[in-house]
Every structure is written in structure tokens, then in C-alpha cells.
Amino acid sequence: MFDWLVVGTGFAGSIIAERLASQRDEKVLVIDRRSHIGGNAFDRYDRAGILIHQYGPHIFHTNSKAVFDYLSQFTEWRPYQHRVLAEVDGMQVPIPINLTTVNRLYGLSLTSTELEGWLAARAETVEQIHTAEDVVVSTVGRELYEKFFHGYTKKQWGVEPSQLDKSVTARIPTRTNTDDRYFCDKYQFMPTAGYTRMFERILDHPNIEVMLDTDYQYVKSSSRFRRLIFTGPIDEFFGNRYGKLPYRSLSFKHVSLNKRRHQPVAVVNYPQTNDYTRVTEYKHLTGQEHPQTSITYEYPSDHGDPYYPVPRPESAELFKKYESLALATKDVWFVGRLATYRYYNMDQVAGQALATFRRIDEAIERPIRRMRVALHAELTA
């Protein structure tokens, strides 16, 4: 008999399982339909002996000391500052757009102050910012939007940026200095031994049992657990009662090359050309020394495993129906990107998992406290 069933071994499921097991001394069964732990952050050594990310690059960054300190119990860290180039007009320039990007692209020698005016002169007036397109054209103008964002976003999501919520492009800043880091968070690291090793340590507790290649549908009618943590698609949990929520998927082409380096940074975006959106070279991320290198071509798709909730108004309305069902479902907690239909970074999912555990711990009396109360009642009877 288990106190909890946790569906999913990604950040959300693994962290809550560890907290329930270590802090509440409860028995936890963790299942995953895949043959490995770690969810989309799963990494592995390929045939060339190079550590790659099976489902595309996962870069850890956070401003949350609580999240960083928690994960630091299970991994050592390698400092890493992520940099991305975009291949635009036949040249590779920094993205997010910064002073170097504009000067190189247009053959200019602007200063930071001059760039502010240059961008302001090209920015379009948008009365109300609603869409992904609105965000960009109101900041950098139509031309840079077409060069860097339109093609990439359309490939990534399968629809015009004008049909997507503003959150899609609001996450990418525009800088007037030469800072070419993709993220500016306080903590920017990669797990030294990889994500999979970190997840192995998180789940390595005597109160946790892990079953892989196991679908929730096969165990949901079991009486072996009392309460449930669900991290999969919320519409799937409710049998797609109101119809399927739209998700965007990805497919990956992993290639090993007989050379030490393929590109100058870990990720190169392709907003104007090719069917793929980006190419990742993992040795930049991991710091691994190897005479060969491995890269991944990333192709967005409407078919396959769900990766990204599609941020459109009609999607949000449909999700609200499922959210109402979730709120009325007793002894089930929905956590993570798919279960809450939100586009979260890894640290945000980790933070949500830790916060959910705190709410559970406050709402449900710990077994040890129940035992002490019963013992006290017996001794004083």
C-alpha cells in the first residue's frame, strides 16, 4: 500500500515524490510511461560517448535561491552562461537583439544611447499589446521582427505570431548594450554529471518505488495508493471530456560529427531558412572534452508527445473547463507544465512543486503526528 501515486518523473513529479518521502516519511510510487526518468530533461551518452539531451537543450537558470539550494542537494554544478546566435541574412548574430546584433547586421557603429533612438524610430505604435507580434514590433519595429521573430515563431508554433499570446515573445528581451547572454538570472549552471544523474539522486529514497514503461491508465483503478500527484496532460486525465487541448510537439535528429566543434555557441537559431528551428551542440553546455561532437536538429510538429501548451485565447478558455474539474477532484494535485497548461521554465516547475508540497504538508497531517497523538491518547486513557 502506498500513500501516494506520482505520475511523471520530471521535475514536478520527482521533487514532490522526494519531499513526501523524506519530509513526511510516506510511501510513494512513481510511474512514468517512458522507459527513463527525468522527463524532457533526460540526458544520455550517445554512441560516440557524448552526453546529449534527448529532447533538446535544457539550460538551468533561476533567480530563486530556494530552488537552487534544493537542487544543490542532489548535484554539483558547472557554471555556464548560455549564448545563442541567429542566422540572419547569411550571418550569425547574437539573439536576444543587442548592440552588436544591430551594428553587425547593418554595418553601423552605434553607441548604446544611439541604439535606443535607432530602435525608437523604427518601433510601431501599438495601442494595446495583446499578441506575440505586438510585443516585438512595438519594441524593435517591423523589419527586425521579420528577420528574427516571424519565421522562427511561425515554425515553432505552427500559427502566425499575431494569433499567439504576448507571453511568447515577451520572454525575450532587447538590449542596447553588448551583453550577449541569453539569460540574466543570478544562478546559471548545468548539473556537472547531467540531469539524469541528478534525478537518480532525487528519487533514491527507501520510501520511493519507481516503475517505468507504466501508463497511468493501467494503474488508476488500483487500490494501492491513497492520494495522487498528476503531472501529465490535464485533458488526458479527464478523458478529453471537453476535447483535446492543443499542444505543440517536437522531433529531433541527433547527429555525431567527426570534429571537435561544429558551431561557436551551444545553440544557433534559424528564423529565415530550413525546416528546423535550431541546432544544438552539447559540448558547449557540458564542458565535455571529446575528439568528436554531437548536435541536434530540432523540428516543431503538431504530432507527437505534448511539449508546449499553445498560448491562444481559445486554448485558455478550454483549459478553464478542465481546471474547474481539477479543483473539484478530491485527493488529486495537478502540478507541472502539462497539468496546469502553462509554459514554465524548469526552475518555475521546481518552484511550483516545492510550493505544492508545502500546501499539502499544511493541509494533511503527517503520519508521525497521528501516531504520536494515538500513542498519547493510549497512555493517558
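The values are calculated or read from the model by the stated rules, or taken from the named source; none is laboratory data. Here the structure is a predicted model, which means the values were calculated and not measured. Quick reminder, even Gly has a Cβ in these numbers, built from the backbone with ideal geometry, and neighbours come from all protein chains shown.
Some notes on this structure:
- Residue in the range 293-302 that is hydrophobic (A, V, I, L, M, F, W, C) and either without any contact (Cβ under 8 Å) to a residue 60 or more places away in the chain or within 18 Å of residue 42 (Cα to Cα) (or both) present: yes
- Count of residues meeting criterion [in a loop (DSSP other than H, G, I, E, B) and either touching a strand residue (DSSP E or B) at 6+ places or on another chain (Cβ under 9 Å) or not aromatic (Phe, Trp, Tyr) (or both)] in the range 239-260: 10
- Put simply, of 263, 288 the only residue that is part of a loop (DSSP other than H, G, I, E, B) and either in contact with a Lys or Arg (Cβ under 7 Å, 6 or more places away or on another chain) or within 25 Å of residue 145 (Cα to Cα) (or both) is 263.
- Some residue of the range 62-73 being of a type in the set (Phe, Trp, Tyr) and free of Cβ contacts under 8 Å to residues at least 40 places away in the same chain: no
- Note on the range 1-112: enclosed strands (runs of 3 or more DSSP E) holding 1 or more residues that are touching a helix residue (DSSP H, G or I) at 6+ places or on another chain (Cβ under 7 Å) and within 22 Å of residue 343 (Cβ to Cβ) are 2-7, 43-45, 60-62, 84-88, 91-95.
- Counted residues, the range 195-223 - those being over 22 Å from the mean Cα position of the chain (by Cα), hydrophobic (A, V, I, L, M, F, W, C) and either surrounded by fewer than 17 Cβ atoms within 10 Å (Cβ to Cβ) or part of a helix (DSSP H, G or I) (or both): 2
- Only listed residue being modelled with pLDDT of 95 or more, within 20 Å of the chain's Cα centre (by Cα) and small (Gly, Ala, Ser), chosen from 120, 66, 86: 66
- Filtered residues of the range 183-194 (kept if in a loop (DSSP other than H, G, I, E, B) and on the phi < 0 side of the Ramachandran plot): 183, 184, 185, 186, 192, 193
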